[in-house]
1. Going by the alpha-carbon gyration tensor, a ≥ b ≥ c the square roots of its eigenvalues, is the stretch 2-90 rounded (a/c under 1.5) or, if a/c is not under 1.5, prolate (a/b greater than b/c) versus oblate?
2. Going by a ≥ b ≥ c, the root eigenvalues of the Cα gyration tensor, does the chain fall in the rounded group (a/c under 1.5), the prolate group (a/b larger than b/c) or the oblate group?
3. Any idea what angle helix 2-19 forms with the longest principal axis of the chain, computed on alpha-carbon atoms, 0 to 90 degrees, nearest 10?
4. What is the Cα centroid distance between the stretch 178-198 and the stretch 114-153, reported in whole angstrom?
5. Counting each DSSP H run of 4 or more residues in the chain as -39500 (n - 2.57), what helix-only mean residue ellipticity at 222 nm follows after dividing by all residues, to the nearest 500 deg cm²/dmol?
6. Compute the angle between helix 167-181 and the longest alpha-carbon principal axis of the chain, please, reported from 0 to 90 degrees and rounded to the nearest 10.
7. Rounding to the nearest 20 debye, state how big the charge dipole of the stretch 1-113 is about its Cα centre with +1 on each Lys and Arg Cβ and -1 on each Asp and Glu Cβ.
8. Using amide H atoms built in the peptide plane, which far-off residues or other-chain residues are under 5 Å from Gly189 H to H?
Amino acid sequence: MALAAARNNAEWCDLVCHSHGITTSVEHEVWAAHRRSPPLYPDAVTLAPSATVDAIVDRVDGGDGCSVKDSFAALDLTSAGFRVLFEAEWIHRPSALPTVDGPLWIPARPPDVREIWGEALLPSLLAEPEVTMFVARAADEIVAGVIANRSDKVVGLSNLVVLAADPDEVWIGAIAAISAQFPGLPLVGYESGDDLVTAHRAGFNSVGPLRVWLHQ
């Protein structure tokens with residue numbers, strides 16, 4: 001399942017880069033952007049444990065700020081000038097439509113996108129058929145947001161933001177909204193720290209480690 005999660009995440013990064021006019025490619029089990037990716041997005045993502053350091057450093061702008069998502073925590077990029085920025089775990093759970101008592105989840109509107117997710121994500125992503133951005137509203141205010149992107153066999157849950165709501169209610173509501181939009185597809189993503197603990201309470205299981213490396 002980690003393989004499917006990594007590829008789904010790379011497909012999401014690909015959509016984000018293309019929305020900014022950045023060309024990308026996949027070679028030797030590595031997805032890579034041909035110039036620096038938007039803020040908070042990697043310049044390369046490994047798609048299999050067999051991906052090599054050379055397959056990455058030969059294809060990215062390796063200056064300061066370059067980041068690599070080592071999807072299987074299988075590489076050592078220190079010799080190329082990188083350090084570990086953070087470690088996380090891929091997560092997975094079956095599709096579900098749990099009872100939701102929290103805020104109402106609805107598709108995001110163009111003005112919501114930058115309000116919640118900042119400059120890296122453009123409203124044009126709302127037109128992508130495999131992407132749905134959701135916001136949670138309570139008392140006419142946005143209290144949370146989440147993004148879903150569909151692959152062949154899974155749907156990715158990412159960019160979950162809690163502004164003013166109970167995190168456990170947000171996770172359960174996000175799962176229900178995504179499962180209703182993409183019925184029958186298992187959910188994947190990655191988290192760390194307290195967010196990982198909350199994801200586990202919402203029924204996700206960890207299915208493998210990953211590392212994000214940063215060049216300095």
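1. Values: a/c = 1.42, a/b = 1.12, b/c = 1.27.
It comes out rounded by the Cα gyration axes.
2. Details: a/c = 1.90, a/b = 1.57, b/c = 1.21.
Verdict is prolate for the chain.
3. So the helix axis and the longest Cα principal axis differ by about 90 degrees.
4. The stretch 178-198 and the stretch 114-153 have Cα centres spaced 14 Å from each other.
5. Details: 5 runs with 55 residues, N = 216.
After summing the helix terms and dividing by the residues of the chain, the value is -7500 deg cm²/dmol.
6. The angle comes out near 90 degrees.
7. Details: 8 positive and 15 negative charges, 57 e Å.
Computed about the Cα centre, the dipole is about 280 debye.
8. Here Ile91, Leu157 satisfy the definition.
Since every read-out is calculated from the coordinates, none of them should be taken as a lab result. Since we're looking at a predicted model, the values are computed, not measured. Backbone-built Cβ (ideal geometry, glycine too); neighbour counts: all protein chains shown.
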